[in-house]
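Below is one structure, written out as structure tokens; the observations come after it.
The values are calculated or read from the model by the stated rules, or taken from the named source; none is laboratory data. Since the structure is predicted, the reported quantities are computational estimates derived from the model, not experimental observations. Here the Cβ is made from the backbone with ideal geometry for all residues, glycine too, and neighbour counts use every protein chain on show. For accessibility, only protein heavy atoms count, side chains too; no ligands or nucleic acids. Shrake-Rupley method; radii C 1.70, N 1.55, O 1.52, S 1.80 Å.
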Amino acid sequence: MLQNIPQMDYEIRLVKQLLSIRFLRPFNGKLATSRAISDDTYGFVTEDSLCREWLLSIYKSYSFYEGFETMEDCLSYIYSTNYDNELYRVIKFNDQYYAVVYENSQHQQVIGKDISYYAKNNLFLCSKRPPSNLMVRDRSKSSAIPLIYYELKAFDPTIAIYKLISNHHAGYIEVSFDEDIEYAVLLGVTFKDVWYRCDTPHAIAHNRAILNLYFMKGHNLTLFGKYSKAIAINPFQRLIYLQKGRIEPFQMDVEDFRNQQRLLPYREVRRFQEFIRTRPVDLI
């Protein structure tokens, strides 16, 4: 599934949305992000050139995959699993349907037509279908930074979330994004596929400012890349790009910045190599 609107139209639509929610704000006739965005997340206060560069990069940072063709197909998958149906939300995006579970950072799933994502051991893995024995850990769920939802909405203003209800005649109802926005953000994370350089002091500082829009500041993802001797990092897919073109998964607890990112031992890298979704690396 490809972007179905021209890039310029997408950017106009996105900027209007971000201005309306005050994620962006005018500053001396230019654009800047709001100082406080979500909890500990802060934007660019006065750096118009950085803000524009970030906005122009968003359209191409998405690589979509197909969802179920109908709601019935998506529900059929959900009913076939051994998880409580009410754990799921169904997201309609670009006339396709995705099943999403977001209990906490340790239990996440996004299921499309032929490809799925799931969290396991602080990795974000990919396969045709998630394993049936993923553990549901008792852990609180933190609030999601909403930016990715608005990036998706600029692609498809009709994006919708549905909750399964056993005693409803249709079996589901539409819910507001204020109630379940984290499910849309998680779906967007699986589409988001962008590499950030971390091999020079300028790249580390520059890309850290951009990544602070999406992750809590304490994660320090570009510094993690630097100390791992990486060329670039893709935190959405939890991948790192090393010398000689090696791409490896890394562990990260997105809800706890005190639990630092960690590279896997070589034997574990080989074990999980088939469960990562990679395309040609385009460095920012």
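Every residue, every condition in (1) within 20 Å of Tyr83 (Cα to Cα); (2) among the aliphatic types (A, V, I, L, M); (3) open to solvent by 60 Å² or more (accessible area, probe 1.4 Å); (4) in a strand (DSSP E or B), yes or no:
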| site | (1), (2), (3), (4) |
| --- | --- |
| His169 | no, no, yes, no |
| Val185 | no, yes, no, no |
| Asp199 | no, no, yes, no |
| Tyr214 | no, no, no, no |
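Looking across the stretch 56-113, the residues that are of a type in the set (A, V, I, L, M), over 13 Å from Pro130 (Cβ atoms) and under 17 Å from the mean Cα position of the chain (by Cα) come down to Ile58, Val90, Ile91. Per the listing Ile247, Ile233, Ile210, the residue uniquely in contact with a Gly (Cβ under 6 Å, 6 or more places away or on another chain) and β-branched (Val, Ile, Thr) is Ile233. Checking the stated criteria, Ile276 turns out not to satisfy the condition of being touching a Pro at 6+ places or on another chain (Cβ under 8 Å), over 18 Å from Asn122 (Cβ atoms) and not aromatic (Phe, Trp, Tyr). Based on this model, can you work out whether Glu179 counts as among the acidic types (Asp, Glu), open to solvent by less than 30 Å² (accessible area, probe 1.4 Å), at negative phi and not in a loop (DSSP other than H, G, I, E, B)? It is false that Glu179 is among the acidic types (Asp, Glu), open to solvent by less than 30 Å² (accessible area, probe 1.4 Å), at negative phi and not in a loop (DSSP other than H, G, I, E, B). Name every residue in the stretch 1-29 that is in a strand (DSSP E or B) and modelled with pLDDT of 80 or more, in order of residue number. Within the stretch 1-29, Leu24, Arg25, Pro26 meet the criteria.
Kindly provide the set of residues from the stretch 111-135 that are over 12 Å from Phe68 (Cβ atoms) and either touching a helix residue (DSSP H, G or I) at 6+ places or on another chain (Cβ under 8 Å) or open to solvent by less than 30 Å² (accessible area, probe 1.4 Å) (or both), ordered by number. Can you show your working first?
Looking only at the stretch 111-135, we keep the residues that are over 12 Å from Phe68 (Cβ atoms), and these are 117-135.
Correct list: Tyr117, Tyr118, Ala119, Leu123, Phe124, Leu125, Cys126, Ser127, Pro130, Leu134.
Within the stretch 230-284, the set of residues being at positive phi and either in contact (Cβ under 8 Å) with a residue 60 or more places away in the chain or of a type in the set (Phe, Trp, Tyr) (or both) comprises just one member, Arg238. Screening Arg238 against (1) surrounded by 19 or more Cβ atoms within 10 Å (Cβ to Cβ); (2) touching a helix residue (DSSP H, G or I) at 6+ places or on another chain (Cβ under 8 Å); (3) basic (Lys, Arg) leaves a single unmet condition, (2). The set of residues in the stretch 134-151 being part of a loop (DSSP other than H, G, I, E, B) and either small (Gly, Ala, Ser) or modelled with pLDDT of 80 or more (or both) consists of Leu134, Ser140, Ser142, Ser143, Ala144, Ile145, Pro146.
State all residues of the stretch 216-248 that are among the hydroxyl-bearing types (Ser, Thr, Tyr) and part of a loop (DSSP other than H, G, I, E, B); if no residue qualifies, say none. Can you show your working first?
First, the residues of the stretch 216-248 that are among the hydroxyl-bearing types (Ser, Thr, Tyr): 222, 227-228, 241.
Across the stretch 216-248, the qualifying residue is only Ser228.
The C-beta contact set for the stretch 11-31 (first residue closer than 13 Å to Asp48 by Cβ and hydrophobic (A, V, I, L, M, F, W, C), second residue at pLDDT 90 or above and loosely packed, with under 15 Cβ neighbours inside 10 Å, distance under 9 angstrom, 6+ apart or interchain) comprises Leu31/Leu19. Residues in the stretch 32-70 that are among the aliphatic types (A, V, I, L, M) and surrounded by 16 or more Cβ atoms within 10 Å (Cβ to Cβ) were compared, and the one that is modelled with the lowest pLDDT is Ile37.
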